[in-house]
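What follows is a short report on a single structure.
The values are calculated or read from the model by the stated rules, or taken from the named source; none is laboratory data. From a predicted model like this one, the values you see are computed outputs, not experimental measurements. As a convention, Cβ positions derive from the backbone with ideal geometry for all residues, glycine included, and neighbour counts pool all protein chains shown. Quick note on the areas: whole protein, heavy atoms, side chains included, nothing else; ligands and nucleic acids left out. Shrake-Rupley method; radii C 1.70, N 1.55, O 1.52, S 1.80 Å.
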Amino acid sequence: MKNFKIIFGLSFILTLTAIIFSCSKERIQEPTTTNTYSSPNTYLNSKQQAEQEFDIDSTGSGPIIGNQGTKIWMGRQCLMKPNGDSVFYPFKIKLVELYTPKDMIYYQMPTVASGNILETDGEIRLRAFKDGVELLLRPNGCSAQIEMPNAAPKNYMRVFYGFNNTNWTDNPASLGVTTSLNPVFSQTSYGYLNQIAKLGWINCGVNASSTPASALTFTSTVDDLTNVGIFIYIPGKKTVMQVGSGLVSDQIPNGTTVKIVLIGIGSNGQLYSYNQNLTVNSNTQITVTMAQTTDAALTTLLNSL
């Protein structure tokens with residue numbers, strides 16, 4: 001009887017040990033971490049289109065012409081300091097031109113207006129300065145005139161004003177600007193011509209949202225996407241979207257072909273990316289696996305959008 005108890009006790013201990021070891025082995029084999037990334041902002045900023053500066057020291061017939069062909073007519077008489085004071089020569093005009101999806105991605109300036117995608121033919125940032133102070137356009141009929149280059153301008157593109165860095169509106173009254181200027185660009189042999197009532201970001205665009213529409217959700221089993229830049233490009237509308245921290249895109253019209261690009265910076269400073277093309281027909285989950293890349297390869301990818 002004693003031998004039976006000893007054998008039974010030994011068998012129980014061995015079985016319990018095997019169970020514990022098995023559970024421990026399973027825990028060891030489970031992934032405990034994911035790949036983490038730093039914000040890509042520094043990298044993207046280093047690739048941005050440079051802001052151009054023009055010194056205006058006297059009256060002239062104009063226009064000022066940017067590196068990518070944007071034409072600007074702006075007189076001192078329509079400029080004022082924030083306190084309302086008049087502006088005298090000299091003063092500076094500063095210009096940023098974004099006419100490609102690559103440049104819009106580098107600047108992180110998507111073409112979305114309050115969640116609605118915009119078809120776009122370009123974005124610019126137009127500002128004026130006197131002694132380092134940013135100037136305003138005078139109210140009551142004052143404006144600046146711009147002409148944006150385009151080989152095949154459309155007859156329905158509107159002036160959208162940028163605000164909150166990544167949002168757009170074609171209603172200047174919502175920004176505190178009262179104006180009777182025509183919001184629709186005129187077609188010219190050069191491109192798009194119009195007068196603007198507010199300096200800052202300007203988009204030549206039109207609302208391209210439609211229903212039914214769907215959203216893309218981004219997830220990964222191996223990568224932490226918290227600090228990854230997520231961009232969606234719609235070639236048919238030249239629309240750039242940027243996905244926020246919730247990892248869910250704005251609504252995309254069903255039947256739309258999109259190109260997806262993710263950009264991350266690894267712990268060693270190495271570039272990582274992910275890209276995919278698909279047609280959106282329903283709410284879809286995109287499972288991401290980031291891969292190491294190079295600046296040259298990523299530039300080639302963005303140039304191909």
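Numerical summary
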| read-out | value |
| --- | --- |
| Complete set of residues in segment 188-213 that are under 17 Å from V96 (Cα atoms), among the hydrophobic types (A, V, I, L, M, F, W, C) and in a loop (DSSP other than H, G, I, E, B) | L199 |
| Test: residue in segment 239-256 that is of a type in the set (S, T, N, Q), open to solvent by less than 60 Å² (accessible area, probe 1.4 Å) and more than 16 Å from I105 (Cα to Cα) | yes |
| Out of I105, I65, I124, I93, sole residue that is in contact with a helix residue (DSSP H, G or I) (Cβ under 9 Å, 6 or more places away or on another chain) and either among the acidic types (D, E) or surrounded by 14 or more Cβ atoms within 10 Å (Cβ to Cβ) (or both) | I105 |
| Positions within segment 68-83 being under 19 Å from S189 (Cα atoms) and open to solvent by less than 30 Å² (accessible area, probe 1.4 Å), in sequence order | G69, T70, I72 |
| Residue in segment 127-154 that is most open to solvent (accessible area, probe 1.4 Å), counting only those that are part of a strand (DSSP E or B) and not aliphatic (A, V, I, L, M) | E134 |
| Whichever residue in segment 37-62 is aliphatic (A, V, I, L, M) and open to solvent by less than 60 Å² (accessible area, probe 1.4 Å) and, among such residues, is nearest to G132 (Cα to Cα) | I56 |
| Only listed residue being in contact with a Gly (Cβ under 6 Å, 6 or more places away or on another chain) and either open to solvent by less than 60 Å² (accessible area, probe 1.4 Å) or free of Cβ contacts under 8 Å to residues at least 60 places away in the same chain (or both), chosen from I202, I263 | I263 |
